Amino acid sequence: MTGRIVVSRRIPEVGMSLLAAQPGVEVEVLEDAQDRGPARSRLLDAVATADVLLCLLTEAVDRELLSAGRRLRGVSQMAVGVDNVDMAAATELGIPVGHTPGVLTETTADLAWALLLATARRIPQAHRYQVEGRYRIWGPELFTGADVGSGGSGRRKVLGIVGFGRIGQAVARRSVGFDMEVLAHDPRNRDRVEAVLGVRWAPLDHLLSEADFVSLHTPLTPETHHLLGEEELRTMKSTAILVNTARGPVVDEAALVRALREGWIAGAGLDVYEDEPRMAPGLVDLPNVVLLPHVGSASIDTRDRMATMAAHNAVAFLQGERAPHTVDPGVYDTPAYRERTGG
């Protein structure tokens, strides 16, 4: 086997080692640093002579880039979501796209709960207060927050889950220990929602008006862009907390800043942003937010597994085989794919 794999940004070593172990294969990494991506011009130049592109969700894999890859046999993305990839163009050009589904479900669900708890109990704010040496004496109103379980009121809290795929279901499972009532909204998966014991399907407006905590787990599509805007945020309880570990543009971030500033809702925990890595003006200055740098799947085990899956997809493309995890497997049966691969 011979060929050239271009890796847009270095992935965990377990994946790099798998690529390097392929005899006769040239592997070029365009960017080693973790805090920046490759220049667009360099990416375009590299793809022009690549047989496979292994990329991250930070790269725009658009029609221009795909068209530049005249030799491309496939694109392997180290992520489950592919909203940065022009899938219509990829299919039209006969380029299969691999991804890494399933493996990050539990890790991202853990992170959603970490954000929910941290925001509700104001943990980062209390941590800063302590380490800055400002703690002098205990007080009855020092960093009071919201109960997630029944707490002092004895009232079962309501968790609203928007998007009930693998991650949404994993988040629901974790609510059992807090004895929560769970509402879920997913227009495409109502039967799946109602099949899960203890979870009730609800229209979005009802879910938003009833939930004490709203956790977003929907993919980014034209239908879900700004799914939560001003009207939806005003529908939520003034005591409610919003958690987003899905995709930033699902929420109108400017409207969210107003909602948090003006008290439409009580708080928000965010791992993703509308114009990532930039944040809407004013968001970082709010006292009722917990903000993370897109670390939903960032456990060592999970990122290693994602890198391994992405590398296996890349090697399969290079060998002219069907990748283990392809977003649109129908592309393999198109004339464009057969022409591209000589099949």
Response to the item:
Between GLU28 and GLU321, Cβ-based FRET efficiency (R0 22 Å, step 0.05) works out to 0.50
Fill in: Net lengthening on full extension, VAL131/ARG71 (0.36 nm per residue, minus Cα-Cα)
16.1 nm
Worksheet item: So what are the ³J(HN,Hα) numbers for segment 141-149, from phi and the Karplus equation (6.51, -1.76, 1.60; θ = phi - 60°), rounded to whole Hz, Gly and Pro as x?
Response: 10, 6, 6, 5, x, 9, 6, 9, x
Response to the item:
Reduced to Cα centres, the span from segment 1-72 to segment 255-273 in Å works out to 37 Å
Worksheet item: Dipole of segment 260-343 (Lys/Arg Cβ +1, Asp/Glu Cβ -1, origin at the Cα centre): which of ALA310, PRO277, ASN288 lies farthest to the positive side?
Response: ALA310
Item to complete: Would you mind checking which residues have amide H under 5 Å from ASP328's amide H? H placed 1.01 Å from N; only 5 or more apart, or other chain.
Response: VAL97
Discussion item. Can you compute 3J(HN,Hα) from phi for each residue in segment 329-341, using the Karplus curve 6.51 cos²θ - 1.76 cosθ + 1.60 with θ = phi - 60°, rounded to whole Hz and x for Gly and Pro?
Written reply: x, x, 4, 5, 9, 8, x, 4, 5, 5, 5, 5, 9
Worksheet item: So what is the diffusion coefficient of the chain in µm² per second by Stokes-Einstein at 37 °C and 0.692 mPa s, using a Kirkwood Rh over Cα pairs?
Response: 152 µm²/s
Fill in: Helix-derived mean residue ellipticity, 222 nm - over the chain, DSSP H n ≥ 4, -39500 (n - 2.57), to 500
-9500 deg cm²/dmol
Worksheet item: Expressed as a rounded percentage, what relative contact order does segment 105-291 have, with Cα pairs under 8 Å and six or more residues apart?
Response: 20 percent
Worksheet item: In nanometres, what is the gap between the two model label sites at GLU231 and GLU64, each 7 Å from Cα along Cα-to-Cβ?
Response: 3.5 nm
Item to complete: Quote the charge dipole size of the chain about the Cα centre in Debye, to the nearest 20; the model charges only the Cβ of Lys and Arg (+1) and of Asp and Glu (-1).
Response: 580 debye
Practice prompt. Considering Cα pairs under 8 angstrom that are at least six residues apart, work out the relative contact order of the chain and quote it in whole percent.
Written response: 20 percent
Worksheet, complete the sentence: Residue-ordered couplings for segment 49-54, obtained by feeding phi - 60° into the Karplus form 6.51 cos²θ - 1.76 cosθ + 1.60 and rounding to whole Hz (Gly and Pro as x), are 10, 9, 8, 9, 10, 10
Worksheet entry | Antiparallel DSSP beta bridges within the chain, as percent of all bridges there, nearest 5 | 5 percent
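Just so you know, all these numbers are worked out from the coordinates, no wet-lab data involved. Model, not experiment: these values are computed from the prediction. Virtual Cβ from ideal backbone geometry, glycine too; neighbours counted across all protein chains shown.
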